[in-house]
Amino acid sequence: MVNVLYSLVDVNQRFDQLVLDPLYIRNLDMTSMTMKSYHDRIYSIDNQVLSRICKNILPRIHHQINELIVEQHSMELVLHTIHYPHLYSLSLIDFQEEVLLKYLRGDTILRKLLIEQITCLHIEINDKTTPSPLPEIRSTMFALILSLCKRLIKLNFTPFYHRSTFYALDLSSIDCMSSTLTELEIYVKTFDDCLYLLDERLNCLSTLKIHVKEIVYTPETIDNTDNETGEMMSKHLRYKEVLMNAMLFMIAGYESTSLNIAFATYELAKHPDIQRKLQAEIDEHWKEGEEEPDYDVIASMTYMDMFVREVLRMYSIVHRAFSRQCNASTVICGHQIEEGEIIFA
């Protein structure tokens, strides 16, 4: 986009109409990538190009810009000299930590924008510094962003895909709260940090994408007997149990259950005869007004069991885990299966 603005604006009136069209210009990317290697990329703009755009073009389009991508070296000219009244989405790319912290803590236009306007924010830290940035510093920055951004709905605090260094946050020692944030993508140091994000400090959060640097399993022997009486005590989950169950829930608790229920509902909608037969079996084993059916009651519903198994067969979530290779050509139910073909069960 930078090259288009620099090369085509003011060439003639028709080019100006095309390039400065509000539908095109509202998402402005003020970076220009130069690749030294796959993991070493520069996003800064040539000074001559940057100067012309900021002087001659941005004053004409600043009121139309809704989304802006800017890197560290051009931010002073792009962000601090021009007002963007309708800006709501901001991406800060390739920033050094100390520079960004300075902007966040000082009396700057960036700080004012974060407080008053920005609802979507993407932060990408430059990780090529030596020594590498500390997780504690990033964690402080994360907490500061949440405290500043009073209107923030979406926050992406992750590196670009090509970054070689996995920079993660340590959330155990900070206090981060937000009553507006609904979507968050973040890199964290350990799985324990996930629990800090799920303790209701981000009470409006509906979408959470977490990249975990390390998941360490710590086995424990759990003794539920009273030391004095020898009797079994009521079960209370310990911290490590909560941690491991949270891990299992996040890895396997969403997609498998929800998709199987969705496919079961879909098949029942397609086959009302099966729906009626299934309902009749449920009514036979569980009368209205009785207590909720226990495991034995549900296990006795043979048609229900067959229906669930058939749905799992037809729409297997983990089908690649159950495959077979044909060792001899054969025909099954009119289908020719050649030797060596892989069959998913």
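Observations on the model:
- Among the listed pairs 102/209; 102/154; 102/150; 55/150; 189/209, those beyond 21 Å (Cα-Cα): 102/209; 102/154; 55/150
- The simple spin-label model puts a point 7 Å past each Cα toward its Cβ; for residue 116 and residue 52 those points are separated by 3.3 nm.
- Using R0 = 56 Å, the C-beta based FRET efficiency linking residue 335 and residue 151 works out to 0.45.
Taken together, the values in this text are just the output of simple stated rules run on the coordinates, not laboratory data. All of these numbers come straight from a predicted model, not from anything done at the bench. Cβ atoms come from the backbone with ideal geometry, glycine included; neighbour counts cover every protein chain shown.
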